[in-house]
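All remarks here apply to the structure that follows.
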Amino acid sequence: MIIGVLALQGDFAEHLQVLYQLGVEAQEVRLPTHLENLAGLILPGGESTTIGKLASNFGLMEPLRRFAEMNPVWGTCAGAIFLAKNTHSQQPLLGLMDITVQRNAFGRQVDSFEADLKIPVLQEPDHPFRAIFIRAPIIESVGEDVDVLARLEEEGSSKNGRIVAAKQQNLLVSSFHPELTQDTRFHRYFLSLVEEA
Amino acid sequence: MDKEIGTFAVKKGLAQMLKGGVIMDVVTPEHAETAEKAGAVAVMALERVPADIRAYGGVARMSDPGLIQEIMDTVTIPVMAKCRIGHFVEAQILEALGVDYIDESEVLTPADESHHINKHEFKVPFVCGCRDLGEALRRIGEGAAMIRTKGEAGSGDVVEAVRHARVVQGEIRRLTNLPDEELMAYAKGIGAPYELVKEVKELGQLPVVNFAAGGIATPSDAAMMMQLGMDGVFVGSGIFKSGDPPTRAKAMVAAVTHFNNPEILAEISKGLGEPMVGIGVTKIPESERLALRGW
């Protein structure tokens, strides 16, 4: 089982590091031929506009869409934006997942933060997941076929309970960065989806 | 839910998101738009690119906050801005403005010839220049969450960027082979905090992201810096002092992604128009070398 990490731009090395640590074979994906023989794909964090442009310019959009029809794909932050059907900005999107995403939903970098999340689908669900949000997007709304996996608790705020992780069949998104922490549970959850597929 | 802002993980994290990307110097909102369209991961908002700062002479200071604000309002990608070395009030102003990263930069005229800013006190992350491992670790010790090799800004000559990248990488390679009992003397020798020296030995790399900067003018320059082990590149004068900025900008972005693929590099290097003219570093008198600023 080989997992690919889209390596056009962003923190792909951090994802690869976690995969290697879990004993999983993994490789960088920069061109359509690199998708052959992969069992799953991670779209890393980075700048979604940059990643989208490079994917368009190097003929990756259709191959990525075909790959995601049959295989598990997980997008973190910029990767989540790239997978979404709708954002409020003009940029190349794969447009596969029935979610609407708002970019930079929390503000600028000075508003970036860490927070504990409850994520019931992970192992040891009672143990909070320390999530890192960097100029993070929020999942504003989801379609009928989408399961919400995690919400951000902001008690006392009218925005309490915004969606930060979701799944639609083989597609998974998180607006935070499990690859920047030592907690490997989210990666193991994605790998379990790949094994089931 | 124990929400925390401004943690080191969050500061360093934004630099990690910029990896494999090009950060472009821009002096107008129109430049910023061109940079974003070309696929820049961030822009550095400035009144003058380094080549013009060099030509103009005089004291170079933080840019007009109004200009920085206009650029922030124009693009959705992160916006960085420069303050003078040691000028903590310029940094406070940039933080209040909401810039995404502050470059405490030798390109501007230093405000303090002994001390850099205590960057731990800020919520906004800082990037700082270095010429060697000791300088990099002193800056990280002061709180920098990202490092860039200095090169020689505004020269269009990549030789100093290469020198600084090779020095830093070479020192890390040697450090990883030192026995633990020699680390204290090594730390003393390079003027770096012991704890960070130990951390670099364990990691085999800097504990933060390290970009190349200073004199990068062509896609092949950018790809070479990536092959030398840098995480991404800053391009200052190299784009907007060239004949065809949009085309060159797009080629630089592609070169950083496909840095290991000479066929693609050959393709994207075609027909880019005139590169910036540049000035050979050996022709710049020592008193005008920007890289020598920083302590």
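Counting only residues that are farther than 26 Å from residue B:52 by Cβ, of a type in the set (A, V, I, L, M) and within 11 Å of chain A (Cβ to nearest Cβ), segment B:254-290 holds 3 of them.
The condition (being within 12 Å of another protein chain (Cβ to nearest Cβ) and either more than 30 Å from residue A:137 (Cα to Cα) or β-branched (Val, Ile, Thr) (or both)) is satisfied by just one residue among B:79, B:107: B:79.
Does residue B:119 count as on the phi < 0 side of the Ramachandran plot and either open to solvent by less than 40 Å² (accessible area, probe 1.4 Å) or modelled with pLDDT under 95 (or both)?
On the way: on the phi < 0 side of the Ramachandran plot: yes; either open to solvent by less than 40 Å² (accessible area, probe 1.4 Å) or modelled with pLDDT under 95 (or both): yes.
So residue B:119 passes the test.
Give the number of residues within segment A:145-178 that are part of a strand (DSSP E or B), open to solvent by 20 Å² or more (accessible area, probe 1.4 Å) and among the hydroxyl-bearing types (Ser, Thr, Tyr). Total satisfying the criteria: 0.
When only residues in segment A:13-27 that are within 14 Å of chain B (Cβ to nearest Cβ) and open to solvent by less than 30 Å² (accessible area, probe 1.4 Å) count, which is nearest to the chain's Cα centre (by Cα)? Of everything passing the filter in segment A:13-27, A:15 is nearest to the chain's Cα centre (by Cα). Just to be sure before I move on: is residue A:9 open to solvent by 10 Å² or more (accessible area, probe 1.4 Å) and among the polar types (S, T, N, Q) in the structure I sent? No, not satisfied.
Going by the conditions given, is residue A:49 within 13 Å of chain B (Cβ to nearest Cβ), more than 18 Å from residue A:137 (Cβ to Cβ) and either open to solvent by 10 Å² or more (accessible area, probe 1.4 Å) or at pLDDT 95 or above (or both)? Even if it seems obvious, please write down each step before you answer.
Values: within 13 Å of chain B (Cβ to nearest Cβ): yes; more than 18 Å from residue A:137 (Cβ to Cβ): no; either open to solvent by 10 Å² or more (accessible area, probe 1.4 Å) or at pLDDT 95 or above (or both): yes.
Here the answer is no, as residue A:49 does not meet what is asked.
For segment B:271-283, the criterion of being crowded, with 17+ Cβ neighbours inside 10 Å and touching a His at 6+ places or on another chain (Cβ under 6 Å) is met by no residue.
Take the conditions (1) in contact with a strand residue (DSSP E or B) (Cβ under 7 Å, 6 or more places away or on another chain); (2) more than 14 Å from chain A (Cβ to nearest Cβ); (3) not charged (D, E, K, R); residue B:86 misses just one of them, which is (1).
Taking each residue of segment B:218-242 that is free of Cβ contacts under 8 Å to residues at least 24 places away in the same chain and on the phi > 0 side of the Ramachandran plot and looking for partners that are open to solvent by 10 Å² or more (accessible area, probe 1.4 Å) and not in a helix (DSSP H, G or I) with beta-carbon atoms closer than 6 Å, six or more apart or interchain, yields nothing. When segment B:247-266 is filtered for residues that are part of a helix (DSSP H, G or I) and exposed (fewer than 13 other Cβ atoms within 10 Å of the Cβ), the ones remaining, listed by number, are B:262, B:263, B:266. Only one of the numbered conditions (1) crowded, with 18+ Cβ neighbours inside 10 Å; (2) facing chain B (nearest Cβ under 7 Å) is violated by residue A:106, and that is (2).
For the criterion of being open to solvent by less than 10 Å² (accessible area, probe 1.4 Å), of a type outside the set (A, V, I, L, M, F, W, C), within 14 Å of chain A (Cβ to nearest Cβ) and more than 16 Å from the chain's Cα centre (by Cα), residue B:39 passes. In this structure, is residue B:72 more than 14 Å from chain A (Cβ to nearest Cβ), surrounded by 18 or more Cβ atoms within 10 Å (Cβ to Cβ) and either touching a helix residue (DSSP H, G or I) at 6+ places or on another chain (Cβ under 9 Å) or not in a strand (DSSP E or B) (or both)? In short, no. Taking (1) touching a Pro at 6+ places or on another chain (Cβ under 9 Å); (2) modelled with pLDDT of 95 or more in turn, residue B:178 satisfies each apart from (1). The set of residues in segment A:163-172 being under 21 Å from residue B:9 (Cβ atoms) and more than 12 Å from chain B (Cβ to nearest Cβ) consists of A:165 alone. The single condition from (1) among the hydrophobic types (A, V, I, L, M, F, W, C); (2) touching a Lys or Arg at 6+ places or on another chain (Cβ under 8 Å); (3) closer than 26 Å to residue A:14 by Cα; (4) not in a loop (DSSP other than H, G, I, E, B) that residue B:226 fails is (2). Here is a list of conditions, (1) in contact with a strand residue (DSSP E or B) (Cβ under 8 Å, 6 or more places away or on another chain); (2) within 13 Å of chain A (Cβ to nearest Cβ); (3) aliphatic (A, V, I, L, M), and residue B:251 meets all of them except one; can you say which number that is? The number of the failed condition is (1).
There is at least one residue in segment A:127-144 that is open to solvent by 60 Å² or more (accessible area, probe 1.4 Å), more than 14 Å from chain B (Cβ to nearest Cβ) and not in a strand (DSSP E or B). In the set B:30, B:47, which member is outside any helix (DSSP H, G or I), out of contact with any strand residue (DSSP E or B) (no Cβ under 6 Å at 6 or more places or on another chain) and open to solvent by 30 Å² or more (accessible area, probe 1.4 Å)? Exactly one residue qualifies, and that residue is B:47.
Could you list, in sequence order, the residues of segment A:183-197 that are in a helix (DSSP H, G or I) and of a type in the set (Val, Ile, Thr)? It would help to see each step written out before you state the result.
So in segment A:183-197, the residues in a helix (DSSP H, G or I) come out as A:185-196.
Hit for segment A:183-197 is A:194, nothing else.
Quick one: would you say residue B:210 is within 14 Å of chain A (Cβ to nearest Cβ), within 29 Å of residue A:13 (Cβ to Cβ) and in a strand (DSSP E or B)?
Working: within 14 Å of chain A (Cβ to nearest Cβ): yes; within 29 Å of residue A:13 (Cβ to Cβ): yes; in a strand (DSSP E or B): yes.
Considered against the rule, which asks whether it is within 14 Å of chain A (Cβ to nearest Cβ), within 29 Å of residue A:13 (Cβ to Cβ) and in a strand (DSSP E or B), residue B:210 comes out as yes.
Number of residues in segment B:12-32 that are more than 8 Å from chain A (Cβ to nearest Cβ) and either touching a Ser or Thr at 6+ places or on another chain (Cβ under 6 Å) or within 19 Å of residue A:107 (Cβ to Cβ) (or both) equals 4.
The values are calculated or read from the model by the stated rules, or taken from the named source; none is laboratory data. Values in this document were obtained by computation on a predicted structure and should not be read as measured data. Reconstructed Cβ throughout: ideal geometry from the backbone, glycine too, with neighbour counts over all protein chains shown. When the accessible area is computed, the model is the full protein with side chains, heavy atoms only, and any ligands, DNA or RNA have been set aside. Shrake-Rupley method; radii C 1.70, N 1.55, O 1.52, S 1.80 Å.
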